[in-house]
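This report refers to the structure that appears directly beneath it.
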Amino acid sequence: MDLHLFAHYCLGTTGRKASCVTENCTTDPLKKMVDRLANSEANARRINVVESCFGTAGQPLAIEGRVLIGEGVLTKLCRKKPKARQFFLFNDILVYGNIVIQKKKYNKQHIIPLENVTIDSIPDDGDLRNGWLIKTPTKSFAVYAATATEKSEWMNHINKCVYDLISKSGKTPNSEHAAVWIPDSEAPTCMRCKKVKFTPVNRRHHCRKCGFVVCGPCSEKKFLLPNQSSKAVRVCDFCYDCLSSGDLPACQPGRSDSLSSSPKMANHMSDDDDEDSSD
């Protein structure tokens, strides 16, 4: 599958040469190309095609000044197993969805404002190669590209878009991000009390603040985390006490950053179409 980067240059992900849709696209700076494409018919057509592929279930994507930078298939590491997802990089948002029919139909559209995004590279480990972590206040997850070159260019373009947005708005770069859930397989027992062993009866639950795998008795309380939900969500007792007392640094998600140095921890990261919302 080829990765098309419309606004700068195009790359192949499996050894095939990708076609370029703009002249001199290997030399023009990204910002110049974005400015040139912003009100072009070609850009409008591409965005219309994306909207059509998501159908009525997707949100409208065409707004003034929005440019489709590129698109491609990345492997997103979900809670149960890695899954192919179609990603679309715009100059202000990142959109992805499930692939129903390649280049024709996608569903479960997700839209991430780029000004809230930070990314970190994940070292290669075995079959998990060419990956990086996408961190947002609402959700954090890992994706993997087919080649190191594709990874580098995805990361460079995302970082450039984020930088341009932050520079233009004058906002402070986002420093808060959601915890990455610890994989079920990494926790045979509760990570808080260290006593309860998980079984089909004693189910695993995830604290929405720290991402730890905890037992029911250690996570009976809920707390409002506005970035994640409009309703109070399950948190472990430790995080609940920290949040209630205002001691926020003590319950900051420490494990999500550890993914950058421990890619195995990413192999069962949560995804909206996998996780049990009651957990």
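Does residue 158 satisfy being surrounded by 19 or more Cβ atoms within 10 Å (Cβ to Cβ), under 30 Å from residue 56 (Cβ atoms) and in contact (Cβ under 8 Å) with a residue 60 or more places away in the chain? Considered against the rule, which asks whether it is surrounded by 19 or more Cβ atoms within 10 Å (Cβ to Cβ), under 30 Å from residue 56 (Cβ atoms) and in contact (Cβ under 8 Å) with a residue 60 or more places away in the chain, residue 158 comes out as yes. Flag set for residue 100, criterion: in contact with a strand residue (DSSP E or B) (Cβ under 8 Å, 6 or more places away or on another chain) and either without any contact (Cβ under 8 Å) to a residue 60 or more places away in the chain or part of a loop (DSSP other than H, G, I, E, B) (or both). Every test in (1) surrounded by fewer than 17 Cβ atoms within 10 Å (Cβ to Cβ); (2) at pLDDT below 95; (3) of a type outside the set (S, T, N, Q); (4) touching a Phe, Trp or Tyr at 6+ places or on another chain (Cβ under 8 Å) is passed by residue 255 save one, and that test is (1).
Let's see how each residue does on (1) in a loop (DSSP other than H, G, I, E, B); (2) closer than 23 Å to residue 178 by Cα:
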| site | (1), (2) |
| --- | --- |
| 88 | no, yes |
| 95 | no, yes |
| 107 | no, no |
| 115 | no, yes |
| 134 | no, yes |
| 137 | yes, yes |
| 149 | no, no |
| 152 | no, no |
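The residue of the stretch 207-237 that is modelled with the highest pLDDT, among those that are open to solvent by less than 40 Å² (accessible area, probe 1.4 Å), within 18 Å of residue 135 (Cα to Cα) and in contact with a Ser or Thr (Cβ under 7 Å, 6 or more places away or on another chain), is 207. Which members of the stretch 128-173 meet the condition of being more than 18 Å from residue 93 (Cβ to Cβ) and of a type in the set (Asp, Glu)? Listed by number, the residues that qualify are 150, 153.
From the list 96, 163, 144, the one residue that fits, being open to solvent by 10 Å² or more (accessible area, probe 1.4 Å), modelled with pLDDT of 90 or more and under 17 Å from the mean Cα position of the chain (by Cα), is 144.
For (1) surrounded by fewer than 12 Cβ atoms within 10 Å (Cβ to Cβ); (2) touching a Ser or Thr at 6+ places or on another chain (Cβ under 8 Å); (3) modelled with pLDDT of 80 or more, each residue gets a yes or a no:
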{"site": "13", "(1), (2), (3)": "no, yes, no"}
{"site": "29", "(1), (2), (3)": "yes, no, no"}
{"site": "37", "(1), (2), (3)": "no, yes, yes"}
{"site": "66", "(1), (2), (3)": "no, no, yes"}
{"site": "78", "(1), (2), (3)": "no, yes, no"}
{"site": "87", "(1), (2), (3)": "no, no, yes"}
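Taken over the stretch 111-141, the residue count meeting the criterion of being touching a Phe, Trp or Tyr at 6+ places or on another chain (Cβ under 7 Å), surrounded by 19 or more Cβ atoms within 10 Å (Cβ to Cβ) and farther than 13 Å from residue 174 by Cβ is 3.
The values are calculated or read from the model by the stated rules, or taken from the named source; none is laboratory data. Owing to the predicted nature of the structure, the values given are computational and were not obtained by experimental measurement. FYI the Cβ positions are ideal-geometry reconstructions off the backbone, even for glycines, and counts take in every protein chain you see. All accessible areas refer to the heavy atoms of the entire protein, side chains included, with ligands and DNA or RNA removed. Shrake-Rupley method; radii C 1.70, N 1.55, O 1.52, S 1.80 Å.
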